[in-house]
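The values are calculated or read from the model by the stated rules, or taken from the named source; none is laboratory data. Bear in mind that the values here come from a model prediction, so they are computed numbers and not experimental data. Cβ coordinates were reconstructed from backbone atoms using ideal geometry, including for glycine residues, and neighbour counts include every protein chain displayed. Note: areas computed on protein heavy atoms with side chains; ligands, DNA, RNA excluded. Shrake-Rupley method; radii C 1.70, N 1.55, O 1.52, S 1.80 Å.
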Amino acid sequence: MTIDPPVEATVLRRDYSLTGPEHALAEERGLESAEWYRSPVPRARMKQLVARRDGPAIRDTLIWFALLGASGSMAFFAWGTWWAVPAFAVYGVLYGSVSDSRWHEAGHGTAFRTPWMNTWLYHIGSFMVWREPVSWRWSHTRHHSDTIIVGLDPEIAVPKPTPRLLIVLDLLGIVSNWRELRKMSASSVGRITPSEATYLPETEYPAAIRWARIHLAILAGACVWSIAAGTILPLMFIGLPSFYGRWLVMVFGLTQHAGLDEDVLDHRRNTRTVLMNPVLRFLYWNMNYHLEHHMYPNVPFHALADLHEEIADDLPPVYHGLSGVYREILPLLRRQAKDPSYRVVRPLRSEAPA
Amino acid sequence: MTGSQWVDVADVDDIELDDVMRFDHAEVTYAVYRTADGRFSASQGLCTHAQVHLCDGFVIGDVIECPKHNGRFDVFSGRAKGAPAVTDLRVFATRVLDGRLQLAVPAPD
């Protein structure tokens, strides 16, 4: 016996796919590649803020690699003892989570002033965070064009109603990495998925196919190595950290947009900025200034705090720390699991022009 | 120079170093650049990726960076320097005459 869901639940459950009816609806409503509100900043000051330097990113990347090396070495020598657990816990986060912010900043080309350094870091970060680099560059471009526009944005991490089980599973990357593995597997045999085709130009297909094959080949190599060596240890260093070390990607990532308004053209209504301590800001590479980043993606990570100071008066109140922001997010997502129309109203001192 | 004509854009000092200025002529929009070392160049005014005005972008070295998606182009050759910028910008000749910057635009038919 089947029971039809209540009409209200049917109406409120939207289709987030890029190939469904919401795509055309968003276009009809003028939401595609639209003009977004930006808090005003004098041009001369913006030119200072967007200035690029190699120094901060070189320093932070060397520190990151050193921490990876140190924790990885400890994990290797502690293998077989309980000390391997905390060592791999640290290595895993540095590999599977910190790579996300490096992927992001280098993907924008703003980490370094020198282009090839951005390229290298982007590819290293892409592999560690389990993302085929070509397709994701274009996916992220679309995310910036159409942030949290249903039917257009491929990177809406938390649809409504809240899929609580999927969020919990994705703390270990089970959902995202499985989806990416399927996508890369299709790409590797020359098949671009219909969703991907909505944001990936055909001219980029060969590069996407090539990089999917490269990533899969490295992962397969790690598997073969583990099998040949009769131990899971190689995979604990390559590949599996994208799962067991991913939880911080979720903890950070949910603060960006989760639960906020969809289909609005003002980042102040769909993006958060969270003040964090210097350690977390190193791990997250200042992506906690996420609202500022969306308004002005040209500003590199090392200048986002300064940008925040310039426009803070025009933004909603910031959140103070992870505990502060999750005091909003957890009850919000719990409520939206049952009532997707529930929303928080964030106070603004000025409204975006109509 | 066949097929084009010189039009007056602005006083050279109206364009700051390391900056870009919008110039509209005959219903076409252009972006005029001045690099940190004082050289001028010009291109079509809209990014070839998403048609965003490059005058709102930023000159970094010899590159113009689109304000929307960080698409980058060489300001002298117009060459797209990586995704999402994959189609080159059309560039136009410039010259300075008596302290005025001029742009070579297509001549009317």
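Results, tabulated for the structure shown:
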{"quantity": "Whole-percent carbon and sulfur share, accessible surface of the protein assembly as shown, 1.4 Å", "calculated": "61"}
{"quantity": "Gyration tensor verdict on chain B (Cα atoms; rounded if a/c is under 1.5, prolate if a/b is larger than b/c, oblate otherwise)", "calculated": "oblate"}
{"quantity": "Cut-off 20 Å, label 7 Å out along Cα→Cβ of B:Leu17, residues of the stretch B:56-93 by amide N", "calculated": "B:58-65, B:75-76"}
{"quantity": "Amide H contacts of B:Gly71 (H built 1.01 Å from N, under 5 Å, at least 5 apart or other chain)", "calculated": "B:Cys66"}
{"quantity": "Full-extension gain in nm, A:Ala217 to A:Asp313, via 0.36 nm per residue minus C-alpha separation", "calculated": "29.6 nm"}
{"quantity": "Cys residues of chain B counted as unpaired, since no other Cys beta-carbon is under 4.7 Å", "calculated": "B:Cys55"}
{"quantity": "Helical segments meeting 30 Å axial Cα length and Kyte-Doolittle 0.0 threshold in chain A (DSSP H)", "calculated": "A:55-78, A:205-229"}
{"quantity": "Dipole axis of chain A (+1 Lys, Arg; -1 Asp, Glu on Cβ), positive-most option in A:Trp130, A:Val344, A:Val224", "calculated": "A:Val224"}
{"quantity": "Surface accessible to a 1.4 Å probe, A:Val189 within the full protein complex, Å²", "calculated": "110"}
{"quantity": "Relative contact order, percent, chain A [alpha-carbon distance under 8 Å, six or more residues apart]", "calculated": "24"}
{"quantity": "Heavy-atom accessible area order for B:Val28, A:Val224, largest first, 1.4 Å probe", "calculated": "A:Val224, B:Val28"}
{"quantity": "Ratio of the Cα radius of gyration of the stretch A:30-86 to 2.2 N^0.38 Å, where N counts its residues", "calculated": "2.16"}
{"quantity": "Heavy-atom accessible area per residue - chain A, 1.4 Å, Å²", "calculated": "46"}
{"quantity": "Per-selection Rg to Rh, the protein assembly as shown - Cα, Kirkwood hydrodynamic radius", "calculated": "1.00"}
{"quantity": "Residue-averaged 222 nm ellipticity for chain A, from DSSP H runs of 4+ at -39500 (n - 2.57), nearest 500", "calculated": "-17500 deg cm²/dmol"}
{"quantity": "Diffusion coefficient, µm² s⁻¹, Stokes-Einstein with Kirkwood Rh over alpha-carbon pairs of the stretch B:44-102 at 37 °C and 0.692 mPa s", "calculated": "281"}
{"quantity": "Three-way shape label, the stretch A:62-174, alpha-carbon gyration tensor, a/c 1.5", "calculated": "oblate"}
{"quantity": "Complex-versus-alone comparison for the stretch A:25-58, residues with a loss of 30 Å² or more in accessible area, probe 1.4 Å", "calculated": "A:Arg38, A:Arg43, A:Lys47, A:Val50, A:Arg52"}
{"quantity": "By accessible area with a 1.4 Å probe, ligands and nucleic acids excluded, highest first: order of A:Tyr296, A:Tyr342", "calculated": "A:Tyr342, A:Tyr296"}
{"quantity": "Area of B:Trp6 that stays accessible when all protein chains are in place (1.4 Å probe, Å², to 10)", "calculated": "80"}
{"quantity": "Interface residues in the stretch A:85-118 - accessible area drops by 10 Å² or more relative to the isolated chain, probe 1.4 Å", "calculated": "A:His108, A:Gly109, A:Arg113"}
{"quantity": "Charge sum, other residues only, whose C-beta stays under 13 Å from A:His302's C-beta, Lys/Arg counted +1 and Asp/Glu -1", "calculated": "0"}
{"quantity": "Whole-Å semi-axes of the stretch A:213-354's equivalent ellipsoid (Cα gyration tensor)", "calculated": "37, 19, 14"}
{"quantity": "The stretch A:1-148: C-alpha pair distances exceeding 29 Å, %", "calculated": "45"}
{"quantity": "Heavy atoms of A:Leu283: accessible area, 1.4 Å probe, square angstrom to 10", "calculated": "30"}
{"quantity": "Quotient of C-alpha Rg and 2.2 N^0.38 Å, computed over the stretch A:143-294", "calculated": "1.20"}
{"quantity": "Reachable lysines from A:Lys47, criterion Cα separation under 19 angstrom, eight or more residues apart if same chain", "calculated": "B:Lys68"}
{"quantity": "Potential lengthening between A:Ser73 and A:Ala89 on full extension [0.36 nm per residue; Cα-Cα distance subtracted]", "calculated": "4.5 nm"}
{"quantity": "A:Glu309, A:Glu35, A:Glu196, A:Glu27, ranked by accessible area, largest first (probe 1.4 Å)", "calculated": "A:Glu35, A:Glu309, A:Glu27, A:Glu196"}
{"quantity": "Prolate/oblate/rounded call for the stretch A:314-354, Cα gyration tensor, a/c under 1.5 rounded", "calculated": "oblate"}
